[in-house]
Every structure is written in C-alpha cells, then in structure tokens.
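Peer 1: Provided herewith is a single structure, encoded as structure tokens, for subsequent inquiry.
The values are calculated or read from the model by the stated rules, or taken from the named source; none is laboratory data. Everything numeric here is computed off the predicted structure, so don't read it as measured data. We place every Cβ from the backbone using ideal geometry, glycine too, and count neighbours over all the protein chains shown. Each accessible area value is taken on the protein alone, full model and side chains, heavy atoms only, with ligands, DNA and RNA left out. Shrake-Rupley method; radii C 1.70, N 1.55, O 1.52, S 1.80 Å.
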Number of protein chains: 2
Amino acid sequence: MKLDPTKMKDWEIAAEAEKHMKTVYQLAEELGLEQEELLPYGHYVAKIDYKKVLERLKDRPNGKYIDVTAITPTPLGEGKSTTSIGLVEGLGKRKQNVIGALRQPSGGPTMNIKGSAAGGGLAQIIPLDKFSLGLTGDINAIMNAHNLAMVALTARMQHEFNYDDETLAKRGLKRLDIDPKRVEMGWVIDFCAQALRHIVIGLGGKKDGYPMESKFWIAVASEVMAILAVARDLKDFRERIGKIVIAFDRSGKPITTEDLEVAGAMCAWMVDAINPNMIQTIEGQPVLIHAGPFANIAIGQSSIIADYVGLKLADYVVTESGFAADIGYEKFWNIKCRLSGLTPDCVVVVATIRALKCHGGAPIPLPGRPIPKEYFEENLEWVEKGCENLLHCVNIVKKSGVTPVVCINAFYTDSKAEIELVKKICEEHGIRAAVSEHWLKGGEGALELADAVMDACNEPTNFRFLYELDEPVKDRIEKIAKEVYGADGVIYLPDAEAKIKLIEADEELRRMPICMVKTHLSLSDNPALKGVPKGWQLRVRDVLIYRGSGFIVPVAGDISLMPGTGSDPAYRRIDVDVETGKVKGLF
Amino acid sequence: MKLDPTKMKDWEIAAEAEKHMKTVYQLAEELGLEQEELLPYGHYVAKIDYKKVLERLKDRPNGKYIDVTAITPTPLGEGKSTTSIGLVEGLGKRKQNVIGALRQPSGGPTMNIKGSAAGGGLAQIIPLDKFSLGLTGDINAIMNAHNLAMVALTARMQHEFNYDDETLAKRGLKRLDIDPKRVEMGWVIDFCAQALRHIVIGLGGKKDGYPMESKFWIAVASEVMAILAVARDLKDFRERIGKIVIAFDRSGKPITTEDLEVAGAMCAWMVDAINPNMIQTIEGQPVLIHAGPFANIAIGQSSIIADYVGLKLADYVVTESGFAADIGYEKFWNIKCRLSGLTPDCVVVVATIRALKCHGGAPIPLPGRPIPKEYFEENLEWVEKGCENLLHCVNIVKKSGVTPVVCINAFYTDSKAEIELVKKICEEHGIRAAVSEHWLKGGEGALELADAVMDACNEPTNFRFLYELDEPVKDRIEKIAKEVYGADGVIYLPDAEAKIKLIEADEELRRMPICMVKTHLSLSDNPALKGVPKGWQLRVRDVLIYRGSGFIVPVAGDISLMPGTGSDPAYRRIDVDVETGKVKGLF
C-alpha cells in the first residue's frame, strides 16, 4: 500500500508501516548486539543493557554525533523531531549504519491537545501505540520513585507530629523537624491534571497525614527524570537520587531523600529504567528512546546513556535538543556535553518557511486555530527578514566550534522561490544548507540533508564550552545572555541575588552548570518579540537549585510544571480495536 | 550453595536461586508455547499472548484446577501464598506439568511493613525484585487508566464551570452537570499514602480546576484492577471499563467513563496489561502473575484470563483466593467461577497450628509485635478447640460440591503431637489432610500435599453455586450469611435498604453477583470473635454498586482503600547494588 501523508493520518501511516516492521531481534542482529544485551519487551520494543554493551565495546571508536536544533519556533513548532527521524531515514537510505536517540513523550500531551511526538508523515517512529503509551514503563518508574519520596516525607511529618522524640527513637528515627511551609517537591502524575496543581492534603484525623498545602506536577517535570537524562551510569544515578532536596527544616537546612532513608528504594524502582529503549523508524532504522525531561527547568534532551550506547553501535547517532538553538542547543552544548564528555560532529538547525515568515513580520500562528492566510501566499520580503533569526541561531552553533547544517524543513505548500531565497542567503554566509522533504517522502526526501550532514561530519571541529564551571555564576549567566541570546545585560531581582549569594558560598553548588528557564518563542525573555530582538536586558527573577540533577536554574521565564487539559483533548478520539488490540486515534 | 531458610533471609534465598533460574525461553519451550505467544520482558519475565494461546489450544482439554484458601487467619496470615507456591513445587517434584496462577503484589505493602508476597523460605517466586517492583507494569497501567478518568472528570467540571452551553457546544460537549458532592471515584497511587486520603483539589484560579473535596486510593483498589481480574477477554474488558460510574449528576443520574468519552483511551493504556505475566518458583516451575484486586471491595483473586491460559498449558493449575474460606473462597466459588465458567477440581484449606491455637483461646498475635510465648509451648486443648474453625471452613468448600484437602502448613517449631492431633481430627471427619514443610524444604517438603491434591483431583466433583443470579438480593445475602458465615440472620441499616431497593429496580444491577465486604479475621463481622461464633446477626450498613466490575457490594466491615505507611517501613532498608543492579533488602 502506498503511504501518502497528504491523504492519510499519521496513525494510519504508522499502522500500515507496522505490518512490515522488523522485530527487535532483527534490529539487534543488524547492530551486532549479543543476545544477553538485548532485553525484549514484546517483539517490537526492547531495552538495551547499556552496561554490557559499553563494557564489550569500550575500545570501539565512537560514531559521528549529530544534534538537531532549530531556529526560534512559532508556537506550532519547527518539526525538529520529524526532521531528526527524517535524517535517520535519509542516512539509512544512504546505507549508513545510523541510530536515532530521542526523548520519550509524556502521557499528558499525548492525551491532551498536542498529541504524541513520534514525528509525522513519512518520518515517524513505530510502534506508535507503544511509543505513545508509556513504552517500557520508564515514566511510570519515575512516577513511583518520585511519589515514594513524597510518601516518605508526608508519613515522616505525620509521625513526627504524632509521636515524641522517645517514641521516634524506638523506631530508630531522629526528629527532622521539616517545615511544612518549605516543602519544595510536589507529587507527580503523567497527565495534564490542573485540578491537582494546588491542593490541601492530610485532612481527616491523626492517622490521615499532616495537613498542609501541596501540589502535583506532570511526571516528566520530576527531578528523577532530569537525573535519568544526565546520569552516566547506575552509580552516578544512585548518588544523584540521594541528593534531591525535598524540603527544608525549620532552621533552613535542606532535607534530602537520603535524610528520609528513601533514596535506595527510589533507585530500586528505577533499575530497569536506566537502560535505553529501542524501537524503529517506519523505514526500519533503530531509534533509542530514553528520558524526556522538561526543557525549561531541566535540559530537555534524551539521555546521556542512550547517546553512549548509540555511539558505540552506529556510525551516525542523531539526537535532538528540545526548544530552539538559544535555549535547547545551549544546554546540549554546556550541560549535556560537559557531563557526558561527548562532543558533536555536526549540528542541524531546522527552519521552516512558516517560522521565517513569522520572524519577518507575518502574524503569529496559534495552536488549535486556523493558520493565518498570509502563510499560504509567497512573501520573499518576510522570509528574507526572518533569516536574521536563522543566522543568529547558526552563529550560536558556530560559537561552540561545531559545524552547522541548516535544514529547510519543506512543507509541500512552500513556494520554490522562498526556499531558493533561504538557500541563497545561507550560501552567501558560507553555511551548508539542505532542503528536506522527509515528511512527504521519508528517507528518499532527506537525502540532500543526509549528504550535507555526512559532509559536515568530515570537517574538523573545535568544540569549546561557553563558560567554565569555576567562573562566578553571574559571569556565566551574563555570557549566556549576551553571547547566546543577544541581550545587552542581565538584571537580577532580589530573590535571585539572594540565591546567587547562597550558591557562591557552597563549594558543590557553585560549580554546577547553568540550566536557564526562558521562553523558546523568542531569543529574548519576551515571547512576543520575534526576529533578533535588540536593546534588552535579561530579567532573572529567581534561581532554583537542583542538587540531584546538579543544575543551577536561573528563572527568566514562566514555569508551569503542570499543564492543563483542554476542553477538546485527544483522549476523546482514542479507542482500542478489541479484536486486534490495536490502538486507534493516536496522533 | 545450600539454601537454609532458618539461617537466610528470604531475599538472600531468592538472590541465590536467581543465579540458576531458567530463562523465559526455556520456560516457554517446556510449556510448548509458540514463539509468537511469548512476549519476553527481559530474559526472566514474560507476558503470554492469551488470545493466541487460547485460539491455538481451544480444543485441548483443561488441566486440573486447584484453589488454595485458608481457615480464619490470625493477623499474621496463614501462609496461603507460600503454600500455593510450595504446592506448585511439590507437584513439580512429582514430575507433573504444573503452573501457578497468583496475584501481583501492590507497591504499597511492599514498601511499607508487610513486605512483598513472593512466598517465603524455600517456597518463593523469582525474580523477587521484578515481582515486587511492578513486574511488567500492569499496576502502573491501571494507575494511568484510572487517573486519566479522573483527569477527564475534573477537567470537564472545570470547563463546564467556566463556559456557557454555547461555548461547550462548539467543542461538541453537552453539559453533564456533575454533582461535586457526589464524585464517587478517587485518584490512585500504588503506595500507602495516608496524606492523600482526604484532600481538597482545584484551588487557585479559573484555570486551576474546580475546587472540591477529593481522595486518593491505593491503585490495587481501583475498579480497573477489579475488572482486570474478572474480564474474560479484551472485548469484555473494554465493555466493563465503559460502565464504571465515576460520579452522579445533580439529578442523581450516574456519570460513566463512557459519558466522559475517556473509556476508549483508558482501555488503550491497558492493552498490554491484559496479557498474564510469567515468572517461576525457585525450583523452576512457571507461575502466572496477573491482577491483584483488593479482597474486600473486589474479589481478591488473580485473573480469569491467567486461569484460562494456565489450564490450557498445564495439567495442574494452582491458584489462590485472598482472605479466608468464608470470604475468599466464597467469592472464588460464586463470582470468579460463575464469570469464568470454570470449576475447581480440588480446594486446599491451609491451617497453621498457630491459628488453630488462636481459635482455641490463645492470645491474638499482632503484626510488628513479638509473638506471645504461648505459641511456643505445646497446647493440644487449644489446637483441638481451634479445629472447629477448620471444620467450618472445610464445610464451606463441601457446600460448593468440591473435594477439600486440608494442608497443615507446618512451622519447624510446631510440636509433633499438635500436628498429629489435627490429622486425627480430619481423619475422623473423613477429610483428606496433609502436612507440608514447603517453607523449610521446598517441593520436597510438599510431596504429601501434592499427593493428596492429585488424589483429590481424581474424585468426581459436583460443583454448584450457593445462589442463582435471579434470586432476590436479600435472599442471596442471607444465604451467604447463614450458610457460609454461620450467622443467624441479616440486619440491614437504612442506607443498605435504600440501595437494595434501587438495585432490585434495575434489570442489569439486580442480576450482578454479591461481593461481600467483611473482616477475614473472624467468621463473623466482628474481628475479635475467634473459632466459630454463634448467635449473631450480620449487619449490612450499606451496599456499594460497581457497574464496571459488575458487583453488588454489601458492606459489613470496614473499608480502607488507602492504607497508611508506618513509622518503620520497608523502604528504609531497600537499596540497589550499583555494580550488579540487584535490589537488596526486599522481603
């Protein structure tokens, strides 16, 4: 059956492709995995025993490492995931040994308005239902590990409230004296449950908990998820889990999971989750799916462990940074690469004609609303003006010493002249650019991109960090603001000043990398400003501290750790074919 | 290494046995499973595609079907799970083709005081860590399916509060007018989180939900779990899911998951969970683990689907009913067998000398406290008196027309004379009895039991239900109270009377089986009364209705759907060996 994305829904294409997909045993054979290293979860999903693979192949040189980022997107997105998958398919078509390494989607958006994150058109990963509905259960494991910590916290507060020191001592417990007004952590659930954003818990009698305000976050915003993305191995993971600060005591001292004697049990729930998952593109290339941390308070990238595994198994590994180059790639560059010790060989900057027009002056398109008619009419002026944002984003990549490749993610309604204009501008600036039609044509449509990427990977790189960890925190924030975002400087509000003082006084904290919270819809901290905003200062309101994941998080944008479910969510159209067990209606 | 349960902890025995355990591929080969039917989850856990197996083997006659129940237990339990596992091992030692079919434990008790439910001593199932920590994720799937319904409910209430009918209509929604004071369902989490028992949600602004009281239950108390246990196939499962009543509207009409358009998506999260899981005993016999519904508001038995599969694959299937014969076996008999169409060939009634002494007059032992010294001294009088409870429980089994076998679950401190006395009393009443030392000796210690069970299975049975579904609800409750519990009659409080009237007026409800809520610590509704209480009436306070699982639930005992975490819970001692990934400290 011919797969035509202009006529078929994404899930229909996936269902058709799944009829001929490879088993994980075939994928493993193609990758040269030993039987012990493959942990199948059914016939089409597997985990890979990262430790065994890395031990066996420790002397094999790494493959080429490619990160996919984007220009400042419109609220509709630039198709980074779709491009990443298309590039994997394109390299596959060129007979290269390639693996994708992508994030696992949250159940919240999948059941809500946004839908799954399996790509689209002929650039998709399958099996779609397994990918969209929890895969091998890593997010559930995170949910359990995280909530167990909250159980330990609230049970402890209750018992300390009900018992005197002597009774506590009989059970080997010393009063922690947790401050109910300074519980930092919420509970987690992996849906958009706005009703649980602000709650009061512990009502009822003495045995029904300790009454206090509390909150739920979406599971992927858990610090446990952030840690899964950055841990180098199980040992590193276990140590970081124990450092998570859940609350403060009444004297202001942090209370960690280790203080609550729950860190070991949390880790026990995560033992399987530390192994990356493997599925495939609809053209049969393997894709590792592992971790999916929030892109604002965390790094928004798939795991370091998956990248380690991929680079040993394949000649090309394609991964992706959440959000745009200023915030997503900056974190890849200065956090993920620093923690992993890996350096990319090439960075793809994805741009759509739609987003370029938006940066050039077209009205901003909004999700769930019809796309303004301006986007269906050729407008070279807007496109040219919009390329300023593209050039800025390419320059961010150049600052890291890595070779950029611009990918024009073509939509079949784009005009030829618009696409040619972007190519011309890139050429004038000496930037490799490729047009890619993976959505419409799969790997066949991504050959130009694949070739450009292979060329770029053959160029020498000169990777360097934007800052060193021993630089003062303010200097580092300023470097990001000026050199990456293009701000004139940084304004710190009092809360932020106080926190920075605290951080600078702590030997461990002061050496942690910076993980910025800022909108991805503008290079500036104001989502309404398109193009390349000039003459502005970055306002840092607060600085959060994540000891477990090991980030200093300056807050220069909104943080929402629990999205809301809309009035017309995806779950209304999802059902199961009870004869075949196939899920219908995912998108 | 010699495994000695008097010197080793359960988890140490499990760890030792796991070094030599079979892979699921070996187990599958021994069972004659086709490759397509085995869905491995790693090398030592698998799911079995129930549909493929049942289709291929539809003409094969079923194996023998054995249910394990117990006398009225002490609060420490009678070792039913351990005996079930021991019997599987014993039948295995006799070279029989045997499968166990047991419940999956909840994370709550495992992390709290009770510990896991993997048996003990040399009668255990492995891998212990996978079994104890979520296995293939079925409970997580239940948690997600269930909580998605709560998201749908609360989001809908919020949108109906914020928008007028016209705005709702634009999104294809008609006002459901849900009564915030009549939301029946809580959220679920699979831990003992007493702090979430009574909560207030939806605080904050217009976009932060609808403010109301709410609650959390432990995940295994979810009606989705109850449905997983009784569903005959995916079609049946899907239909039942859609009938779950979440709330009532202001006119008193029930609001179902189907009304909220979320039933299909809930089912989508459960597609894999419907397949039973397979692990093994420490002696290498396969054990199916599937479903683990609460024994009070639900049936407290493993799934019908697992029994179907087991009976096609093996000559003997050993399953277990939660709680004692009066409440656990009664539900097996009149609910599970009715819904499955299966009938048991033999029922094992487990008794410990400890419980018999307790029924005879010894002080009641309590969990977490030292066992009273009386239990370490021979007392034939107490044992003899206690046998009244045993004989009552055996008679319950006889009423169902099935052959009972008494299993004296021997502890190595029991006196020989005590054990002989119980055997003699059974003999005098014409009851097959066997002493089993599976805890100390594994299958070798369970040969007498295995032989007795094989003998019993060769006897003809005359299975009959206690009641028919077209009998009036009150008549049915009375039959259970009088003929099973030994009550003189039933007293209905006003709430119960009102509900029964409502049920009798509804064509679908009035034909649903009865699923009683009553303490398992006494044959009566008063947990303090041991032996065989006489001259009492069963007090039915209320009658709950579970349309999805399809039960009428008369409430004659306490219902706690969210246990509490104690001050010295198991998680304090659980950790991970970061070199091997093995979990330490589970019990």
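Peer 1: Provide A:Tyr316, B:Tyr485 ordered by accessible surface of protein heavy atoms (probe 1.4 Å), highest first. Can you show the working numbers first?
Peer 2: On the way: A:Tyr316 25, B:Tyr485 0 Å².
Largest to smallest exposure gives the sequence A:Tyr316, B:Tyr485.
Peer 1: Can you send over the carbon and sulfur percentage of the accessible area for the protein assembly as shown, probe radius 1.4 Å, protein chains only? Let's see the in-between values first.
Peer 2: Numbers: 20590 of 41220 Å².
Carbon and sulfur atoms account for 50 percent of the accessible area of the protein assembly as shown.
Peer 1: List the residues whose amide H sits under 5 Å from the amide H of A:Ile113, counting only those 5 or more places along or on another chain, with H placed 1.01 Å from N in the peptide plane.
Peer 2: Amide H to amide H, under 5 Å and 5 or more residues apart or across chains, A:Ile113 pairs with A:Gly566, A:Ala570.
Peer 1: So which lysines can A:Lys501 reach, going by Cα to Cα under 17 Å and dropping same-chain residues fewer than 8 places off?
Peer 2: Counting by Cα, and skipping residues close in sequence, A:Lys501 has these lysines nearby: A:Lys253, A:Lys474.
Peer 1: Skipping prolines and chain starts, which residues have an amide H placed within reach, meaning under 5 Å, of the one on A:Ala118, given they are 5 or more residues away or on another chain?
Peer 2: Residues meeting the criterion, in which the H sits 1.01 Å from N, do not exist here.
Peer 1: When all protein chains stay in place, what accessible area (Å², nearest 10, 1.4 Å probe) is found for B:Arg171?
Peer 2: Looks like 80 Å² after rounding.
Peer 1: Let me have the 222 nm mean residue ellipticity of chain B computed from DSSP H runs of 4+ only, each contributing -39500 (n - 2.57), with the sum over all residues rounded to the nearest 500.
Peer 2: -9500 deg cm²/dmol
Peer 1: Then there is this: Please work out the Cα center distance from region B:1-72 to region A:365-441, rounded to the nearest Å.
Peer 2: Their Cα centres are 56 Å away from one another.
Peer 1: If you don't mind, there's one more thing I want to ask. Taking A:Ile559 in one copy and the same position in all the others, each labelled 7 Å out along Cα→Cβ, what are the pairwise distances from the first, in nm, shortest first?
Peer 2: 4.0
Peer 1: Distances from A:Glu258 to the same position in the other copies: list them in nm, one decimal, shortest first, using label points 7 Å from Cα along Cα→Cβ.
Peer 2: Label point to label point, same position, other copies: 5.5 nm.
Peer 1: Any idea what the A:Ile113 label distances to the other copies are, label 7 Å down the Cα→Cβ vector, nm, shortest first?
Peer 2: Sorted ascending, the copy-to-copy spacings read 4.8 nm.
Peer 1: Over region B:365-524, what is the relative contact order in percent, taking alpha-carbon pairs closer than 8 angstrom and at least six residues apart?
Peer 2: Values: 142 pairs, mean separation 29.6, N = 160.
About 18 percent, as a whole number.
Peer 1: If you average the sequence gap of Cα pairs under 8 Å that are 6 or more apart and divide by the length of chain A, what percent do you get for the contact order?
Peer 2: Relative CO of chain A lands at 21 percent.
Peer 1: Roughly how tilted is helix B:80-93, in degrees to the nearest 10 and between 0 and 90, from the longest Cα axis of chain B?
Peer 2: 50
Peer 1: Greater than 18 Å separation of Cα atoms is the criterion. Which listed pairs, A:Lys398/A:Lys482; A:Lys482/A:Lys518; B:Lys312/B:Lys399; B:Lys2/B:Lys441, meet it? Before the final figure, lay out each step's value.
Peer 2: Details: A:Lys398/A:Lys482 15 Å; A:Lys482/A:Lys518 14 Å; B:Lys312/B:Lys399 27 Å; B:Lys2/B:Lys441 11 Å.
Exceeds cut-off: B:Lys312/B:Lys399.
Peer 1: Would you be so kind as to list the residues of region B:14-44 that have their accessible area lowered by at least 10 Å² in the full protein complex compared with their chain by itself (1.4 Å probe)?
Peer 2: When all protein chains are present, B:Tyr25, B:Gln35, B:Glu36, B:Leu39, B:Pro40, B:Tyr41, B:Gly42, B:His43 each give up 10 Å² or more of accessible surface.
Peer 1: Using a 1.4 angstrom probe and counting only protein chains, how large is the accessible area of B:Glu29 in Å², to 10?
Peer 2: About 150 Å², ignoring ligands and nucleic acids.
Peer 1: May I pose another question? Greater than 32 Å separation of Cα atoms is the criterion. Which listed pairs, A:Lys22/B:Lys584; A:Lys215/B:Lys114; A:Lys170/A:Lys243; A:Lys93/A:Lys584; A:Lys93/A:Lys336; A:Lys207/B:Lys181, meet it? Present the calculation step by step, with values, prior to reporting the outcome.
Peer 2: Working: A:Lys22/B:Lys584 37 Å; A:Lys215/B:Lys114 29 Å; A:Lys170/A:Lys243 27 Å; A:Lys93/A:Lys584 29 Å; A:Lys93/A:Lys336 29 Å; A:Lys207/B:Lys181 24 Å.
Violating the 32 Å limit, Cα to Cα: A:Lys22/B:Lys584.
Peer 1: Oh, and also: Please report the antiparallel percentage of DSSP beta bridges with both residues in the protein assembly as shown, rounded to the nearest 5.
Peer 2: Values: 60 of 132 bridges.
Just about 45 percent of them are antiparallel.
Peer 1: If you line up the long axis of helix A:304-313 against the longest principal axis of chain A, both from Cα atoms, how many degrees apart are they, to the nearest 10?
Peer 2: 40
Peer 1: Now a separate question. Can you tell me what share of the DSSP beta bridges in chain B is antiparallel? A percent to the nearest 5 is fine.
Peer 2: Details: 29 of 65 bridges.
DSSP beta bridges in chain B are roughly 45 percent antiparallel.
Peer 1: Shifting gears a bit: Leaving out ligands and nucleic acids, note down the accessible area per residue over chain B with a 1.4 angstrom probe, in whole Å².
Peer 2: Values: 20610 Å² over 587 residues.
Here the residues of chain B average 35 Å² of exposed surface.
Peer 1: Something else now. Nearest 10 degrees, 0 to 90: what angle lies between the long axis of helix B:138-162 and the longest principal axis of chain B (Cα atoms)?
Peer 2: 20
Peer 1: Quick one: of the DSSP bridges fully inside region A:475-555, what percent are antiparallel, nearest 5? Kindly include the intermediate steps, with their values, before the conclusion.
Peer 2: Values: 5 of 11 bridges.
Just about 45 percent of them are antiparallel.
Peer 1: For the interface of chains A and B, what total accessible area is buried with a 1.4 Å probe, rounded to the nearest 100 Å²? Before the final figure, lay out each step's value.
Peer 2: Details: alone 23890 and 23880 Å², together 41220 Å².
Counting both chains, the buried surface is close to 6600 Å².
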